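Handing you this structure, nothing more for now.
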Amino acid sequence: MNVPGKRLLIGAAACVVAVVPLATEPGSVEAVTPDAATTARAATTGSHELSALVMRLQRAGKQDAALERALERRGYDVMRPATAPAGIAARSDAGDVSVKRPMLVHDTGSKWLWMATYTWNNANFSGDQPGSCDGYDRCQLLGKDAFGLAFSKVLNMTDYWATFGPREAGTGDRILNPWEANRWGVVYRKQDIVERRTSPDDLNMYFGNIVVAIDGRPCGQTNAYAKYAHTWSDRDLAGVTINASVISYTFDGSSGRFQETSQPGTDTRSC
């Protein structure tokens, strides 16, 4: 993604685009094809390009400072808020998944992009498979997972794109229509599928990222939070609401779920 003469600034953010998810039967492969308008919009905002690059870097093991340095080597500048604002803390914790602090990205073409990422830390998802999945590759876990990005103030979101993929390359990354999007943010929901071609097991949602393009950079401080939800057993995601700085998931069933929220990504502009 080296672009001669092009520099990008990163602070705390994500841009997303829409695509049509297919396939719901156990063992089936999801196929997603963006329409012409989606593809053209993503090319204009840079959302798809950044999302695809971040997925490749995630798969290569880049996280936190290593991800920032990798982006810098590809022509990006990273604005790093030193600490989270006083009084703002993560709302939940789940040791199996790390949800990273969102970052804001800017390029010389006046594109502003918020980016959020998560990664599984282990293969504990294998234990969430129902008994019917024993010895079966590409088995759907009961219930879906979700990943979203919410902001502390209303932003003029022009585009959004999400990419999910396994730890190992080979099955392809998925781009989905948002489950919910409003003036406060966007959430994606996807069926998680365990793959047994490698040891340990892999997951089609082992890595994920959201990129949200915004029109302009507002004055004052903007906070961004990312939130991941994982379900299994008799649990499933029943609904979601997005409000200022908050994503609230609701669940069916009585067991088998966790949520994790990132520390806030922040951007401050003096006007």
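The values are calculated or read from the model by the stated rules, or taken from the named source; none is laboratory data. As the structure is a computational prediction, the values presented were derived from the model and not from experiment. Note that we place each Cβ from the backbone using ideal geometry, even for glycine, and neighbour counts take in every protein chain shown.
Restricting the first residue to region 245-265 and requiring it to be free of Cβ contacts under 8 Å to residues at least 24 places away in the same chain and over 20 Å from Glu180 (Cβ atoms), which pairs with a second residue that is charged (D, E, K, R) and buried (at least 16 other Cβ atoms within 10 Å of the Cβ) meet a Cβ separation below 9 Å and a spacing of at least six or different chains?
Final answer for the pair search is Ser254/Arg235; Ser255/Arg235.
Tell me, please, whether a residue that is closer than 18 Å to Leu237 by Cβ, part of a strand (DSSP E or B) and among the β-branched types (Val, Ile, Thr) can be found in region 162-176.
So far as region 162-176 goes, no, none of its residues is closer than 18 Å to Leu237 by Cβ, part of a strand (DSSP E or B) and among the β-branched types (Val, Ile, Thr).
Do any residues in region 103-130 that are on the phi < 0 side of the Ramachandran plot have Cβ atoms under 6 Å from those of residues that are of a type in the set (Phe, Trp, Tyr) and modelled with pLDDT under 90, where the two are at least six apart or on different chains, and which pairs are they?
What qualifies is His106/Trp112; Asp128/Trp232.
Identify the residue in region 177-208 that is β-branched (Val, Ile, Thr) and either in a loop (DSSP other than H, G, I, E, B) or modelled with pLDDT of 95 or more (or both) and, among all such residues, is farthest from the chain's Cα centre (by Cα).
Thr198
Output the number of residues of region 252-271 satisfying the condition of being over 20 Å from Thr119 (Cα atoms) and either β-branched (Val, Ile, Thr) or surrounded by fewer than 18 Cβ atoms within 10 Å (Cβ to Cβ) (or both).
9
Test Arg183 against the criterion of being surrounded by fewer than 18 Cβ atoms within 10 Å (Cβ to Cβ) and either out of contact with any Lys or Arg (no Cβ under 6 Å at 6 or more places or on another chain) or hydrophobic (A, V, I, L, M, F, W, C) (or both), and give yes or no.
Yes.
Could you tell me whether Asp137 is over 28 Å from Tyr76 (Cβ atoms) and either of a type in the set (D, E, K, R) or touching a helix residue (DSSP H, G or I) at 6+ places or on another chain (Cβ under 9 Å) (or both)?
So Asp137 passes the test.
Go through region 232-250 and give me each residue that's modelled with pLDDT of 90 or more and either surrounded by 15 or more Cβ atoms within 10 Å (Cβ to Cβ) or among the hydroxyl-bearing types (Ser, Thr, Tyr) (or both).
Leu237, Val240, Thr241, Ile242, Ser245, Val246, Ile247, Ser248, Tyr249, Thr250
Still on this structure: Kindly evaluate Leu155 against the criterion of being in contact with a helix residue (DSSP H, G or I) (Cβ under 6 Å, 6 or more places away or on another chain) and either under 16 Å from Met55 (Cβ atoms) or crowded, with 22+ Cβ neighbours inside 10 Å (or both).
no
Moving on to the next point. Just to be sure I understand, how many residues within region 225-239 are under 13 Å from Leu203 (Cβ atoms) and under 19 Å from the mean Cα position of the chain (by Cα)? If you could, list the steps in order and put the result at the bottom.
Restricting attention to region 225-239, the residues satisfying the condition of being under 13 Å from Leu203 (Cβ atoms) are 228, 230, 232.
Within this subset, residues satisfying the condition of being under 19 Å from the mean Cα position of the chain (by Cα) are 228, 230.
Of the residues in region 225-239, 2 are under 13 Å from Leu203 (Cβ atoms) and under 19 Å from the mean Cα position of the chain (by Cα).
Sort out which residues of region 196-221 are closer than 22 Å to Asp159 by Cβ and charged (D, E, K, R), and write them in order of number.
Those that are closer than 22 Å to Asp159 by Cβ and charged (D, E, K, R): Asp215, Arg217.
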